[in-house]
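Everything below concerns the one structure shown next.
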Amino acid sequence: MKRISFAACLTVFAVAVAIQAQTPPQTQTESAEQELIRLENAWLQAFFMNDGAFANQFLADDYMGMDEHGNVKTKAQEIAEIKAGEHLSASGVLDNIKVRFFGDAAVVTGRSIMKGLFQGKEYSSPYLWTDIFFKRGGRWQCVASHHSKPLPQQKAENVEQELVKLENEWADALVKHDWAFLERILADDLMVTDPEGNVSTKAQEVAFLKSGVYTVTSCVHHELRVRVYGNAAVVTGRSTVKEIYKGKEYTSQARWTDTWVKLAGQWQCVAGHSSEIAQK
């Protein structure tokens, strides 16, 4: 019985060891995360102290970095700038740091608020950054980094004014036959529903206007309302339109709703729906 119990214990022990070997200890992951956060903070201080020696240890020999101006730098260039004290910031803090591990590689993202003195004036500027680390010889080294300044967020009232301006410019473009403007503000996947219930794509809409079958001689917008939802917006309005269709002149009143999305920093209309409310 003793032999059976002892053998059973050995089996259980072997299984436990195998499971433990396959599952990385959580404490080790936490320790590596803390180490990388400590290195990032030490790297920040190296800028302020012009510590080229730390930079030499922190950066891998094949390091490539991109700054907020789009300049690509090697390790040697980065160290030269640090030693020369070219960085204007005198202090700063890191926040919103996140660490992701991929075996012997890690990606660290975060934000830094840099403070300093430039041309006699104090400044405080935020930066977003991503650092890629690789563990070599038991030591983490930064092999690549990318820094950028966050784009200033537009205030809601400025967005409303911009969209109202675009809607009025759209009306002018119809009168002036400015097809290039329409190509720019209409999204490639645009869908338009007209008062007769026809649904058109961007290509069909522009082609119809260029055909000359329908011509707008005057278009005035009224009662424009804008609702902004981050990078999307809905604009509604009423228009008085003077038009020539198949050789006949008309004056009509229309209600419409346009849906806009900000794509690559530019507002584009992705959907439009109009209905006629009066016609003479």
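The values are calculated or read from the model by the stated rules, or taken from the named source; none is laboratory data. Being a predicted model, the structure only gives us computed values, none of them experimental. Here the Cβ positions follow ideal geometry from the backbone for every residue, glycine too, while neighbour counts run over all protein chains shown.
Residue pairs whose Cβ atoms lie under 9 Å apart, sitting 6 or more positions apart in sequence or on different chains, and linking a residue in the stretch 202-218 that is surrounded by fewer than 13 Cβ atoms within 10 Å (Cβ to Cβ) to a partner that is among the hydroxyl-bearing types (Ser, Thr, Tyr) and assigned to a loop (DSSP other than H, G, I, E, B), do not occur here.
For the stretch 70-84, the candidate set comprises residues that are modelled with pLDDT of 90 or more and among the β-branched types (Val, Ile, Thr); within that set, the residue that is nearest to the chain's Cα centre (by Cα) is VAL72. Name the single residue that is surrounded by the fewest Cβ atoms within 10 Å (Cβ to Cβ) among those in the stretch 155-183 being charged (D, E, K, R) and in contact (Cβ under 8 Å) with a residue 60 or more places away in the chain. The qualifying residue surrounded by the fewest Cβ atoms within 10 Å (Cβ to Cβ) is GLU162.
In the stretch 236-272, of all residues being charged (D, E, K, R) and within 26 Å of the chain's Cα centre (by Cα), the one that is modelled with the highest pLDDT corresponds to ASP258.
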